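A short reminder: the numbers here are calculations on the coordinates, not readings from a lab. Model, not experiment: these values are computed from the prediction. No Cβ is skipped: glycine too gets one built from the backbone with ideal geometry, and neighbour counts run over all protein chains shown.
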Amino acid sequence: MIDVQGLSHRYGDKEVLEDINFHIDKHEKIGLIGRNGAGKSTLLKLMLNMEKIQKGTVTFNGESNKNEKWKASVSYLPEKFKLYQSMTPLENLKFFNGLIKKKFEYQDAEEVLNKVGLLDDKNTRINQFSKGMLQRLGIAITLMYDTEIIILDEPTSGLDPIGRKEILDLINLMKDKTILMSSHHYEEVKEVCSHVLLLDNKQINKMDMLTFEQQYLEVSR
C-alpha cells in the first residue's frame, strides 16, 4: 500500500534522512513519531512529492510518487491548512471537491459532515467555528476525497483535550482506510495506531506498540 525504499535526503552538508525503508499494509494505522527536528516533516514532504527526492523511491498502491496516478489513492491533511472563512462547511466541501474535478454530491457531503459531527452546522459560516470544529472540517474534506490512504500531519495540534479526543475518535472510525499519522504525542498514537514508525538519528524503525514501550519507554522512565 505504502512503500518507501532507500530514501535519503540532505540540506547542504546536513544529512537529515539516511536510507529510510518501510512498508505499510492496507488498513494499517501507523503513527510517525520522533523528536522535534528528527525529520518527520521532511519525510512527509518527500513522500508527497512536495520536495524533490534526492535518493530512493516512494510508491502508493504500486504507483510511484513521481507520476500523477498516485494522487488518486492519497489525501493529505497538513498541520496548518487554510479554509474559506466566509463559506459554510458545505461550500468548503464543494470547493475542495472541485479541485480534484470530482462530481459533487450533496448527499455524500452531508454524510461526511455527519461523521465528523458538523451536519447541524452545515450552513453556518466557519468564521464562527472553534479550532476543533475547523480541524474536524479538514478531516471531512479528506473523507470527501474518498481515497484509500490518508496522511495526517499533527492532526491534534493546538487542540484542547476535548478537541483532541474528538479527532482521535474520528480516526478510530476510519476502519477501511490506511492511515499514516505524524504526532509528537505517543499516548495519542497509542489510542489509534497498531504500530509506530520511530524516526531517530536519521533512520526509521517500524514496531508494534508493545515493542516500542519495552525498548524505548521503559528505558526513559
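Where does the charge balance sit around THR147 when Lys and Arg score +1, Asp and Glu -1, over other residues with C-beta under 13 Å from its C-beta?
Around THR147, the charge tally is +1.
So what is Rg over Rh here for the stretch 73-118, counting just Cα atoms and using Kirkwood for Rh?
Dividing the radius of gyration by the Kirkwood radius yields 0.95.
Using every alpha carbon pair in the stretch 1-98, what percent of pairs falls into each 5 Å bin from 0 up to the bin containing the largest distance?
Pairs per bin, as whole percents: 2, 10, 19, 21, 18, 13, 9, 6, 2, 0.
Taking each pair of different alpha-carbon atoms in the stretch 176-215 once, compute 1/r for the pair, average those values, and report the inverse of that mean as the Kirkwood hydrodynamic radius in Å to one decimal.
Result for the stretch 176-215 stands at 10.9 Å.
Treating the stretch 147-217 as a set of equal point scatterers at the Cα positions, no solvent, please give the Debye-formula log₁₀ I(q)/I(0) at q = 0.16, 0.21, 0.27 Å⁻¹.
-0.60, -0.99, -1.36
Can you tell me how much longer the chain between ALA72 and GLU148 gets when fully stretched, taken as 0.36 nm per residue apart minus their C-alpha distance, in nm with one decimal?
My answer for the length gained is 26.5 nm.
So if I place +1 on the C-beta of Lys and Arg and -1 on the C-beta of Asp and Glu, and nothing else carries charge, what would the dipole magnitude of the stretch 80-146 be about its Cα centre? I want it in debye, nearest 20.
It works out to roughly 360 debye.
For ASN123 and TYR84 in the same chain, what is the full-extension length gain: residue separation times 0.36 nm, less their Cα-Cα distance, in nm?
Once the chain is fully extended between ASN123 and TYR84, it gains 12.7 nm.
For the chain, what is the mean residue ellipticity at 222 nm derived from helices alone (per DSSP H run of n ≥ 4: -39500 (n - 2.57); sum divided by total residues; nearest 500 deg cm²/dmol)?
-9000 deg cm²/dmol
Please compute the Kirkwood hydrodynamic radius over the chain, one decimal place, Å, based on all pairs of different Cα atoms.
The answer is 18.2 Å.
What does the charge count around VAL116 come to, taking other residues whose C-beta lies under 12 Å from its C-beta (Lys +1, Arg +1, Asp -1, Glu -1)?
The answer is -3.
Going toward the positive end of the dipole of the chain, with +1 on Lys and Arg Cβ and -1 on Asp and Glu Cβ, which of THR142, ASN67, GLY39 do you reach last?
ASN67
For the stretch 80-146, what number results from the quotient of the Cα radius of gyration and 2.2 N^0.38 Å?
0.97
What length, rounded to one decimal in nm, is gained on full extension from LYS101 through to ILE162, with 0.36 nm per residue of separation minus their alpha-carbon distance?
Between LYS101 and ILE162, full extension yields 18.5 nm more.
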